[in-house]
Structures are given as C-alpha cells and as structure tokens.
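Working notes for the structure below.
Each value in this text was obtained by applying a stated rule to the coordinates, not by laboratory testing. Remember, it's a predicted structure, so these values are computed and weren't measured experimentally. In this analysis, Cβ positions are derived from the backbone assuming ideal geometry, glycine residues included, and neighbour counts consider all displayed protein chains.
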Amino acid sequence: MTIVATILGYIGMAFLVLSFQCKREIILFWFQMLSGLFFVLHYGLLGDYTGMAMDGVCFVRALMMASRKK
C-alpha cells in the first residue's frame, strides 16, 4: 500500500509543478485541484488524516476558484 501512496504522491507533485507553468488561470486551478485530490488520496493511504484534511481544504479552494473563473 505504501508503494501506491508514493506513486499517488509523485503524481500529485507533478500536477502541482505543472500548475505553475500554466498561463491561463482556469487551467492552473484545475491542475491544483487534481494535485490536491492526489495528495488527499496519498495521505489517506498513509493514514495521515491531518495532511488529508489540509489538502482536502486546498482541493475545495481550487474547486471553488475554478468554478468562479468560467
């Protein structure tokens, strides 16, 4: 299970790094939302519920920002 969590963490980090390369705000927020989702899954599989809650808040924030920019 730790290997799956590590892979999800790497995917989340890749989306986070890619989000800062975007020129359009809507794409930036979508990448950050995907990053937050993968980090929520990552921390959930590791059993770290504090990290999961913190990235859950980031996921919801990015979701709200993406929905406002339409």
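Key figures for this structure:
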| quantity | calculated |
| --- | --- |
| Unit charges at the beta carbon, dipole of the chain: most positive-side option, GLN32, THR2, TYR43 | GLN32 |
| Size of charge dipole - the chain - debye, nearest 20, with Cβ of Lys, Arg +1 and Asp, Glu -1, no other charges | 440 debye |
| CD proxy at 222 nm, helix term only [per DSSP H run n ≥ 4: -39500 (n - 2.57); per residue of the chain; nearest 500] | -29500 deg cm²/dmol |
| Principal axes of the chain: Cα extent on each, largest first, Å | 37, 20, 12 |
